[in-house]
Amino acid sequence: MDIIKMARDLGSEIQKQEIYLDMIRNQAKNDEDQGLQELIGEFNLKRMALNSQMSKEETEKDKDKIDNLDKEVRDLYQKIMNNNNMINYNKSRQALTALMADINKILSAAVTGQDPQTVSLEETGCSGSCSSCGGCH
């Protein structure tokens with residue numbers, strides 16, 4: 001069997017998994033949450049205003065305005081991240097990311113000559129070396 005076809009088949013199988021479907025459902029809930037979308041829009045506008053203020057020449061910067069915009073951006077970010085739909089989405093996205101990290105760990109081990117059937121998927125913690133890492137969290 002062609003290895004690229006096998007990769008495509010694996011991709012199709014991942015899309016059938018409940019872990020993937022859960023993330024898609026939670027993403028849709030975020031998209032449908034008007035209050036959340038308004039917060040995200042406001043956050044983006046405030047962040048752009050903050051970036052604009054910070055990119056001004058040093059003599060033109062308004063420190064009070066920067067401090068106020070920074071506080072507003074942080075407050076909006078907290079509101080977004082505390083939204084139940086966003087919390088659920090982030091949990092499901094993290095679970096899918098963990099699955100993908102496991103898959104990548106197996107594939108990476110295989111291409112370095114290890115037996116893919118015996119690769120341990122248990123968390124070993126960060127060794128500090130990204131060369132042996134399957135991805136953060």
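The values are calculated or read from the model by the stated rules, or taken from the named source; none is laboratory data. Quick caveat, the model's predicted, so the values are computed rather than measured. Please note: Cβ atoms are built from the backbone with ideal geometry, for glycine as well, and neighbour counts cover all protein chains shown.
I need the full set of residues from the stretch 17-49 which are assigned to a loop (DSSP other than H, G, I, E, B) and over 16 Å from ASN85 (Cβ atoms), in order please. Selection gives GLN17 alone. Residues that are under 18 Å from ASN104 (Cβ atoms) and touching a Ser or Thr at 6+ places or on another chain (Cβ under 6 Å) within the stretch 1-23 comprise just one, MET23.
Yes/no per residue for (1) in contact with a His (Cβ under 8 Å, 6 or more places away or on another chain); (2) at pLDDT below 95; (3) among the acidic types (Asp, Glu):
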residue: ASP9; (1), (2), (3): no, no, yes
residue: LEU21; (1), (2), (3): no, no, no
residue: ARG25; (1), (2), (3): no, no, no
residue: GLN34; (1), (2), (3): no, no, no
residue: ILE40; (1), (2), (3): no, no, no
residue: GLU57; (1), (2), (3): no, yes, yes
residue: ASP64; (1), (2), (3): no, yes, yes
residue: LEU69; (1), (2), (3): no, no, no
residue: VAL73; (1), (2), (3): no, no, no
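Residues in the stretch 50-66 that are assigned to a helix (DSSP H, G or I), surrounded by 10 or more Cβ atoms within 10 Å (Cβ to Cβ) and not aliphatic (A, V, I, L, M): 4 in all.
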